């Protein structure tokens, strides 16, 4: 069940970071196949220095999402990433549980 | 995501109100649907309605094959049990296992004791006092099981006016008939009164306190997950 307890801190943290003037991106699990560790709707917030909070995979692919998010913050263009055993050629990281996930990474607009 | 939308979403969450962020996956354009404000005119109405019920985020396509991601934010359901009775002792752990935040309210301190309810959020006060701290909302279920109108009536009325997703009251049809007289003369409408699940629980022939607890929990889950059958 996607209740506040799963996402509470992450979205609140995202707002706090953005309001304090930090450049940030929000990553969201949009689709999962097989035994993915975190449910659809799980969030990760990342700032332009690579600090992050939350999780989209319980630790397996966060590093790669953070690296990609720093690019998203720079370009201000959203992107969709895919991770899993089927995509080892495309990605250096994978999910050890054998699942597959798709993660949407979007910039959070800073206050003008 | 615009910071304005994120802030508005966090406001809904802080107020225990349901909301959905709709993201157009091709353009990245987003909008916030606040359940509280209604969404009857929305082109995605059916899907939004279903998602508010299931509370599951997910990817959808509209009739033109356009992909949208729905980020669903729904407060955790609460169950407030009025009456620290034998049924409640069984209902508390069952409802907790099913994912509810459970509170038990009973001003009778002999009933509402920590020994009888280990690990429960227990309030040995009148419901009025509990409600001042934690008002009912549409994501709250209320089960009144004391048999005592002095304790049960006020939270039942409050639950109806707050739009709680489930309102149930223990008691025979005769007891419920007397309750109807009292609540109607206290200003509750006939329609509102009919929302009370009484005799409480699913009709499964429950007889022991634990069996009655199962039937109550079944009714609560049905009210949470299924469209009302009217």
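Inspection of the stretch B:81-98 identifies at least one residue that is surrounded by 22 or more Cβ atoms within 10 Å (Cβ to Cβ), within 14 Å of chain A (Cβ to nearest Cβ), within 26 Å of residue B:134 (Cα to Cα) and in contact with a helix residue (DSSP H, G or I) (Cβ under 9 Å, 6 or more places away or on another chain). Could you look through the stretch B:94-107, keep only residues that are at pLDDT 95 or above and part of a loop (DSSP other than H, G, I, E, B), and pick out the one that is nearest to residue B:220 (Cα to Cα)? Selected residue: B:106.
Has the stretch B:108-117 got any residue that is assigned to a loop (DSSP other than H, G, I, E, B), in contact (Cβ under 8 Å) with a residue 40 or more places away in the chain and buried (at least 18 other Cβ atoms within 10 Å of the Cβ)? Within the stretch B:108-117, none of the residues are assigned to a loop (DSSP other than H, G, I, E, B), in contact (Cβ under 8 Å) with a residue 40 or more places away in the chain and buried (at least 18 other Cβ atoms within 10 Å of the Cβ). Each residue in the stretch B:51-67 was checked for being buried (at least 21 other Cβ atoms within 10 Å of the Cβ) and more than 9 Å from chain A (Cβ to nearest Cβ), and 1 of them qualify.
The set of residues in the stretch B:71-80 being more than 9 Å from chain A (Cβ to nearest Cβ) and buried (at least 24 other Cβ atoms within 10 Å of the Cβ) consists of B:79, B:80.
Can you pull out every residue in the stretch B:6-18 that is closer than 9 Å to residue B:32 by Cβ and more than 9 Å from chain A (Cβ to nearest Cβ)? Of everything in the stretch B:6-18, those that are closer than 9 Å to residue B:32 by Cβ and more than 9 Å from chain A (Cβ to nearest Cβ) turn out to be B:8, B:12. Counting the residues of the stretch B:118-132 that are more than 19 Å from the chain's Cα centre (by Cα) and either over 20 Å from residue B:148 (Cα atoms) or not assigned by TED's automatic domain parsing to the domain that holds residue B:200 (or both) gives 2. In the stretch B:179-219, of all residues being in contact with a strand residue (DSSP E or B) (Cβ under 6 Å, 6 or more places away or on another chain) and in a helix (DSSP H, G or I), the one that is surrounded by the most Cβ atoms within 10 Å (Cβ to Cβ) corresponds to B:216. Number of residues in the stretch A:1-32 that are at pLDDT 85 or above and touching a strand residue (DSSP E or B) at 6+ places or on another chain (Cβ under 8 Å) equals 17. Take the residues in the stretch A:35-46 that are over 11 Å from the mean Cα position of the chain (by Cα) and more than 9 Å from residue A:101 (Cβ to Cβ); name whichever of them is modelled with the highest pLDDT. That would be A:39. Only a single criterion out of (1) touching a helix residue (DSSP H, G or I) at 6+ places or on another chain (Cβ under 6 Å); (2) more than 11 Å from every other protein chain (Cβ to nearest Cβ); (3) more than 26 Å from residue B:95 (Cβ to Cβ) is not satisfied by residue B:35, namely (3). Exactly one residue among B:99, B:58, B:40 is over 17 Å from the mean Cα position of the chain (by Cα) and either in the same structural domain as residue B:219 (by TED's automatic domain parsing) or under 30 Å from residue A:27 (Cβ atoms) (or both), and that residue is B:58.
The values are calculated or read from the model by the stated rules, or taken from the named source; none is laboratory data. Please read all numbers here as calculations on a predicted model, not as lab measurements. Cβ atoms come from the backbone with ideal geometry, glycine included; neighbour counts cover every protein chain shown.
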